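**Q** The structure under discussion is supplied below as structure tokens; questions concerning it will follow.
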Amino acid sequence: GLTAAVLSSFLFSASHAFAACDEDEIVIKFSHVVAAEGHPKGEMASALADRVNAEMNGTACMQVFPSSQLFDDNQVMEALLLGDVQLAAPSLSKFEAYTLKYRVFDLPFVFSNMDAVTAFTEGKKGQELLGAMSDYGFVGLGYLFNGLKQFSANRPLIVPDDAKGLRFRVQPSDVAVAMVEAMGGTAQKLAFKDVFEALQMGVVDGQENTWSNIYTQRFFEVQDGTTETNHQLLAYLAVTSREWLNSLDEDVRNQFMTIFTEVSEDYNARSNAINEDSKQSIIENGGVVRALTLDQRDDWITIMKPVWDMFRDDIGADVIDAAIASNK
Ligand code: LMR
């Protein structure tokens with residue numbers, strides 16, 4: 001449980017999405033690890049809370065805890081089952097303890113753009129995957145998008161050989177580890193909240209993330225530059241516990257799900273623009289951004305794509321085929 005002192009410090013750092021809940025309202029706590037502003041997930045969470053608090057006032061109340069204030073992604077799944085929070089949205093790379101199927105989202109270069117991601121997640125396989133963790137009592141409410149990821153390091157990365165011998169921070173994903181090893185680098189799994197310091201102190205040489213994470217976490221300030229590889233997806237599963245969802249009256253659950261679906265579709269459609277803005281902000285703030293020629297990008301594809309075969313059995317060939325087919 002939280003002590004009163006900790007609780008009141010959250011109240012004082014309250015953002016507009018932090019509503020005071022009435023005693024008889026259903027409290028929906030949404031814990032996440034990213035910035036509340038300038039980030040597709042952070043902004044989605046705030047917008048969701050604003051709508052729940054306006055439209056479900058008297059029935060339900062949502063409080064958002066951004067920036068790993070409450071839990072990091074590794075702790076939040078347990079917190080959902082304990083009822084300490086009701087909603088979380090870890091990246092799809094962070095569920096390996098519960099399912100290996102989500103490895104499809106991590107395959108390098110499997111999605112050529114966010115339209116392909118939309119087609120896959122809205123399609124039959126994508127919808128089936130929402131239920132991949134039901135044995136553990138979790139329900140996937142839907143996918144939240146960030147964008148495609150870029151590589152940064154403490155030296156310029158133009159050809160994959162430039163990454164040889166470097167240590168990269170990765171999410172807790174074996175696909176990401178295999179990908180970095182295919183580049184001749186070493187991978188280190190670290191919690192998101194520890195990445196800036198690890199880069200700054202030289203614990204790792206580089207990292208891979210979206211423009212919005214690289215900008216809002218200021219990774220670009222402690223890196224030589226960022227290379228526009230667009231090599232891999234970063235998206236999230238909005239997840240809750242079945243026990244909590246089932247505890248809601250049907251009309252309350254339906255109203256909440258309608259609001260959730262509308263807000264997530266809205267922010268998923270905006271995710272590209274938010275990441276483009278972040279990329280511009282990095283450049284305006286003195287960060288170096290390097291583009292690749294098509295030939296150079298092909299070299300990265302050639303090096304990384306063999307990783308797919310290592311995970312085909314975990315994911316299922318049918319799921320991989322559906323992901324490939326979503327690129328039109
Ligand atoms: C990361 O750990 O790099 C991301 O999953 C963080 C996030 O939630 O965007």
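**Q** Out of segment 272-293, which residues are part of a helix (DSSP H, G or I) and either in contact (Cβ under 8 Å) with a residue 40 or more places away in the chain or within 25 Å of residue 104 (Cβ to Cβ) (or both)?
**A** Taking segment 272-293 and keeping what is part of a helix (DSSP H, G or I), we get 272-284.
Within segment 272-293, 272, 274, 275, 276, 277, 278, 279, 281, 282 meet the criteria.
**Q** Of the residues 203, 252, which single one is surrounded by fewer than 23 Cβ atoms within 10 Å (Cβ to Cβ), over 30 Å from residue 134 (Cα atoms) and β-branched (Val, Ile, Thr)?
**A** On the way: 252 fails: over 30 Å from residue 134 (Cα atoms).
Sole residue among the options that is surrounded by fewer than 23 Cβ atoms within 10 Å (Cβ to Cβ), over 30 Å from residue 134 (Cα atoms) and β-branched (Val, Ile, Thr): 203.
**Q** To continue, here is another question. Which residues, counting only those in segment 132-189, are among the polar types (S, T, N, Q) and buried (at least 22 other Cβ atoms within 10 Å of the Cβ)?
**A** Taking segment 132-189 as the starting set, the residues that turn out to be among the polar types (S, T, N, Q) are 134, 146, 150, 152, 154, 171, 173, 186, 188.
Selection gives 146, 150, 152, 171, 173.
**Q** Moving to a separate point now. May I ask you to list the residues in segment 206-228 that are more than 15 Å from residue 166 (Cβ to Cβ), surrounded by 23 or more Cβ atoms within 10 Å (Cβ to Cβ) and not aliphatic (A, V, I, L, M)? Full working, then the answer.
**A** Within segment 206-228, the first condition is being more than 15 Å from residue 166 (Cβ to Cβ), and the residues that meet it are 209-218, 220-221, 228.
Among the residues that remain, those that are also surrounded by 23 or more Cβ atoms within 10 Å (Cβ to Cβ) are: 209-215, 220.
Selection gives 209, 210, 211, 212, 213, 215, 220.
**Q** With (1) among the small types (Gly, Ala, Ser); (2) more than 30 Å from residue 131 (Cα to Cα); (3) surrounded by 14 or more Cβ atoms within 10 Å (Cβ to Cβ) as the list, and residue 235 as the residue in question, which single condition is left unmet?
**A** Failing condition for residue 235: (2).
**Q** Do you know which residues across segment 63-81 are of a type outside the set (Phe, Trp, Tyr) and part of a strand (DSSP E or B)?
**A** Filtering segment 63-81 for residues of a type outside the set (Phe, Trp, Tyr) gives 63-64, 66-70, 72-81.
Residues satisfying the conditions are 63, 64.
**Q** If you don't mind, there's one more thing I want to ask. Return the residues of segment 47-62 that are in contact with a helix residue (DSSP H, G or I) (Cβ under 9 Å, 6 or more places away or on another chain) and in a loop (DSSP other than H, G, I, E, B); say none if nothing qualifies.
**A** Passing the criteria: 56, 59.
**Q** Considering only segment 200-228, state which residues are more than 10 Å from the ligand (Cβ to nearest atom) and either farther than 19 Å from residue 290 by Cα or hydroxyl-bearing (Ser, Thr, Tyr) (or both).
**A** Hits for segment 200-228 are 200, 201, 202, 203, 204, 215, 226, 227.
**Q** Working only within segment 82-117, note down all residues that are surrounded by fewer than 19 Cβ atoms within 10 Å (Cβ to Cβ) and either in a helix (DSSP H, G or I) or at positive phi (or both).
**A** Of everything in segment 82-117, those that are surrounded by fewer than 19 Cβ atoms within 10 Å (Cβ to Cβ) and either in a helix (DSSP H, G or I) or at positive phi (or both) turn out to be 82, 83, 115, 116.
Each reported figure results from applying straightforward, stated rules to the coordinates on display, with no laboratory input. Because the structure is predicted, anything quoted here is derived from the model rather than measured. Backbone-built Cβ (ideal geometry, glycine too); neighbour counts: all protein chains shown.
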